[in-house]
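Peer 1: Got a structure for you, questions after.
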Amino acid sequence: MSEGGAAADEARYRALSLWWDGVEGPITPRPSLVGDIDVDVAIVGAGFTGLWTAHSLLAADPGVRVALLESEVAGFGASGRNGGWCSALFAASDARIAAEHGAQAARAMRRAMQETVEVVGASARAEGIDCRFTKGGTVVVARTTPQVSRAKDELAEARSLGLGEEDLRWLERPEAEERLGAEGVLGATFTPHCAALDPARLARGLAEAVERRGAALYERTPVRAIATGRRGRRPVVRTPEATVHADVVVRAVEGWASSLPGQRRSLVPLYSLMVATEPLPESFWAHAGLAHRETFSDHRHLIIYGQRTADGRLAFGGRGAPYHFGSAIKGGFDRVPRVHAALRDALVELFPELSGVAITHTWGGPLGVPRDWFSSVGLDRDQGIAWAGGYVGDGVSTANLAGRTLADLILHRDTELVRLPWVGHRSRRWEPEPLRWLGINAALWATRAGDRSEHRSGRPSRLAAQVDRLLGH
Ligand SMILES: Cc1cc2nc3c(=O)[nH]c(=O)nc-3n(C[C@H](O)[C@H](O)[C@H](O)COP(=O)(O)OP(=O)(O)OC[C@H]3O[C@@H](n4cnc5c(N)ncnc54)[C@H](O)[C@@H]3O)c2cc1C
């Protein structure tokens, strides 16, 4: 590789996100796979799912031969670009899990997610990864009457499912404003079960950790096809320059699932976009709060999310970018000036004193959404194929739970994790185009319009509520 080529690649990786821009030292891709290999477990994709799976396998049994095949570099995907909420949020609601699998299964899932937040912090610490993990909880403010009533409904539902004040509580206005000094706060919900972190530091650190533990990590190695095993034959992975034979192949490409043969309609890539401000002065934080680096949002329909970074910026994101026909994914979709401008406006609306602030970074990326909005993890022993994903934007912690669960499944360990309700879950496939495009973009439009109308009128939007119900929120 020429020096100019290496510099251009480094610039391309640094531009992926605020977090990538802060990666210390040069970003040099690891060697690609150029000859055939035989391993116990081949993992396709080196984001949090792939990396935690390798980590858990090797922690349980250092003798397992693990290879990771990554089309770009470890952490290139959503794992190096997200909002850094390491939360106990799971894509499907507790109420839905309780309805489909029983109250005990819902409680077990909730407990597992809450523990996972701790596990991520402890594992990062144990591996010497300084990913700026701070567990300050999440504050979600309510700024309109409909938002207050949705927040109260959420609390009532939590209580009915056995979640107490220690898990989710209502903050009256003064306490809410102390946590998040945003404009027009009427109250807030608060949960302690979330940490803010720097996701690229975690992903890059994990890549080094799994190598130290013996995994082989091949970068710039795009997988073109996965042949499932059957009748005693092992599965096979094909890359441009090699064939990988394995006992188990783990599909860990999440937002990119639709680009693998046979997976076109399994998960759609939905884009989430983010902005980051310049470092903000103490005078701002004295009023804005987030003293414990609480992650924050509000109770509008279209998701927004923010964190106070370790170096005193606001990193702020939201959904709302269009879904692209045919589940297309392109680097150019990571930046949509209209959506980035809307994010900036939303931030200034929350904190009017930021009207002149410099936005230093804009970025985005695809996350994976299953048709039924229910994340899943599983292993088909006959085919030798394992998978995890469909986290719908809640993958920072869930991918760790997935990695630990996949290790237990692959190593035949009968643990509580392999009995959780998302294990083996299969969603129906997405509709063919153009229905998919029409449906998803109509839902995005309705959600946005609903928020606008609630903001203007102060009355709840029936349209947005209907979309919420349709999506199983
Ligand atoms: C902007 C944004 C903000 C988000 N904010 C949050 C948040 O605050 N909290 C939260 O919990 N979740 C958040 N998410 C979601 C979260 O980041 C993801 O759920 C999580 O990172 C998924 O991890 P993963 O390893 O499954 O997938 P990814 O990190 O996307 O990794 C998949 C990897 O597979 C590689 N790959 C793709 N195709 C191939 C192929 N054919 N061969 C080999 N490799 C391939 C990709 O290059 C990529 O590195 C956010 C997502 C985005 C985009």
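The values are calculated or read from the model by the stated rules, or taken from the named source; none is laboratory data. No experiment lies behind these values; they were computed from the predicted model shown. Heads up, the Cβs are rebuilt from the backbone with ideal geometry, glycines too, and the neighbour counts pull from every protein chain shown.
Peer 1: List, please: which pairs have Cβ atoms under 6 Å, are six or more places apart or on different chains, and start with a residue in segment 45-65 that is away from the ligand (no atom under 16 Å from the Cβ) and end with one that is not in a helix (DSSP H, G or I)?
Peer 2: Qualifying pairs under 6 Å: 58/213; 58/214; 60/411; 64/40; 65/39; 65/40.
Peer 1: Yes or no: residue 407 in contact (Cβ under 8 Å) with a residue 24 or more places away in the chain, touching a strand residue (DSSP E or B) at 6+ places or on another chain (Cβ under 8 Å) and closer than 19 Å to residue 112 by Cα?
Peer 2: Spelling it out, it is not the case that residue 407 is in contact (Cβ under 8 Å) with a residue 24 or more places away in the chain, touching a strand residue (DSSP E or B) at 6+ places or on another chain (Cβ under 8 Å) and closer than 19 Å to residue 112 by Cα.
Peer 1: Within segment 428-450, track down each residue that is in a loop (DSSP other than H, G, I, E, B) and crowded, with 17+ Cβ neighbours inside 10 Å.
Peer 2: Scanning segment 428-450 gives a single hit, 430.
Peer 1: For segment 387-394, does any single residue satisfy the condition of being among the aromatic types (Phe, Trp, Tyr), touching a residue at least 40 places away in the same chain (Cβ under 8 Å), buried (at least 22 other Cβ atoms within 10 Å of the Cβ) and touching a strand residue (DSSP E or B) at 6+ places or on another chain (Cβ under 8 Å)? If you could, list the steps in order and put the result at the bottom.
Peer 2: The first filter runs over segment 387-394 and keeps only residues among the aromatic types (Phe, Trp, Tyr), leaving 387, 391.
Now drop any that are not touching a residue at least 40 places away in the same chain (Cβ under 8 Å), which leaves 387, 391.
Going one step further and asking which of them are buried (at least 22 other Cβ atoms within 10 Å of the Cβ), we end up with 387, 391.
Next, only the ones that are touching a strand residue (DSSP E or B) at 6+ places or on another chain (Cβ under 8 Å) stay: 387, 391.
Within segment 387-394, one or more residues are among the aromatic types (Phe, Trp, Tyr), touching a residue at least 40 places away in the same chain (Cβ under 8 Å), buried (at least 22 other Cβ atoms within 10 Å of the Cβ) and touching a strand residue (DSSP E or B) at 6+ places or on another chain (Cβ under 8 Å).
Peer 1: With the condition kept exactly as written, say whether any residue in segment 3-19 is modelled with pLDDT under 95, closer than 16 Å to residue 70 by Cα and not basic (Lys, Arg).
Peer 2: yes
Peer 1: How do the pairs read when you match residues in segment 86-108 that are in contact (Cβ under 8 Å) with a residue 60 or more places away in the chain with residues anywhere that are more than 16 Å from the ligand (Cβ to nearest atom) and not aliphatic (A, V, I, L, M), using Cβ under 6 Å and keeping only pairs 6 or more apart or on different chains?
Peer 2: Taking only residues 6 or more apart or on different chains, the pairs are 95/157; 96/472; 97/421; 101/421; 105/421; 106/94.
Peer 1: Filter segment 164-190 down to the residues that are surrounded by 14 or more Cβ atoms within 10 Å (Cβ to Cβ) and over 23 Å from residue 346 (Cβ atoms) and list them by number.
Peer 2: Across segment 164-190, the qualifying residues are 167, 168, 169, 170, 175.
Peer 1: Report whether or not residue 415 is among the polar types (S, T, N, Q), within 22 Å of residue 62 (Cβ to Cβ) and more than 16 Å from the ligand (Cβ to nearest atom).
Peer 2: Yes; evaluated as a whole, the condition is true for this residue.
Peer 1: Mind counting the residues in segment 453-469 that are surrounded by 14 or more Cβ atoms within 10 Å (Cβ to Cβ) and of a type in the set (D, E, K, R)?
Peer 2: Residues that pass the stated criteria total 2.
The rows are residues; the columns are (1) in contact with a Lys or Arg (Cβ under 6 Å, 6 or more places away or on another chain); (2) within 24 Å of residue 386 (Cα to Cα); (3) β-branched (Val, Ile, Thr).
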site	(1), (2), (3)
9	no, no, no
19	no, no, no
41	no, yes, yes
52	no, yes, no
57	no, yes, no
74	no, yes, no
84	no, no, no
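Peer 1: Follow-up. Name the single residue, out of those in segment 90-117 being over 14 Å from residue 402 (Cβ atoms) and within 15 Å of the ligand (Cβ to nearest atom), that is surrounded by the fewest Cβ atoms within 10 Å (Cβ to Cβ).
Peer 2: So the residue we want is 114.
Peer 1: May I pose another question? Take residue 236 and decide whether it is at negative phi and in contact (Cβ under 8 Å) with a residue 60 or more places away in the chain. Walk me through how you get there before you give the answer.
Peer 2: Working: at negative phi: yes; in contact (Cβ under 8 Å) with a residue 60 or more places away in the chain: no.
Spelling it out, it is not the case that residue 236 is at negative phi and in contact (Cβ under 8 Å) with a residue 60 or more places away in the chain.
Peer 1: A follow-up question, please. Working only within segment 208-239, note down all residues that are assigned to a loop (DSSP other than H, G, I, E, B), surrounded by fewer than 21 Cβ atoms within 10 Å (Cβ to Cβ) and within 11 Å of the ligand (Cβ to nearest atom).
Peer 2: 219, 220, 222, 224
Peer 1: Now a separate question. If you check 341, 310, which single one turns out to be within 16 Å of the ligand (Cβ to nearest atom) and of a type outside the set (Lys, Arg)?
Peer 2: The unique qualifying residue is 310.
Peer 1: Would you say residue 120 is closer than 30 Å to residue 239 by Cα and either free of Cβ contacts under 8 Å to residues at least 40 places away in the same chain or within 15 Å of the ligand (Cβ to nearest atom) (or both)? Don't jump to the end; show me each part of the working.
Peer 2: Numbers: closer than 30 Å to residue 239 by Cα: no; either free of Cβ contacts under 8 Å to residues at least 40 places away in the same chain or within 15 Å of the ligand (Cβ to nearest atom) (or both): yes.
Spelling it out, it is not the case that residue 120 is closer than 30 Å to residue 239 by Cα and either free of Cβ contacts under 8 Å to residues at least 40 places away in the same chain or within 15 Å of the ligand (Cβ to nearest atom) (or both).
Peer 1: Could you tell me which residue of segment 176-222 is nearest to the chain's Cα centre (by Cα), considering only residues that are β-branched (Val, Ile, Thr) and under 22 Å from residue 166 (Cβ atoms)?
Peer 2: Here the answer is 191.
Peer 1: Any idea which of (1) within 14 Å of the ligand (Cβ to nearest atom); (2) in contact (Cβ under 8 Å) with a residue 24 or more places away in the chain is the one residue 263 doesn't satisfy?
Peer 2: The failed condition is (2).
Peer 1: Quick check on residue 320: is it outside any helix (DSSP H, G or I), surrounded by 21 or more Cβ atoms within 10 Å (Cβ to Cβ), of a type in the set (Gly, Ala, Ser) and modelled with pLDDT under 95? Talk me through it step by step, then tell me what you get.
Peer 2: On the way: outside any helix (DSSP H, G or I): yes; surrounded by 21 or more Cβ atoms within 10 Å (Cβ to Cβ): yes; of a type in the set (Gly, Ala, Ser): yes; modelled with pLDDT under 95: yes.
Yes: the conditions hold for residue 320.
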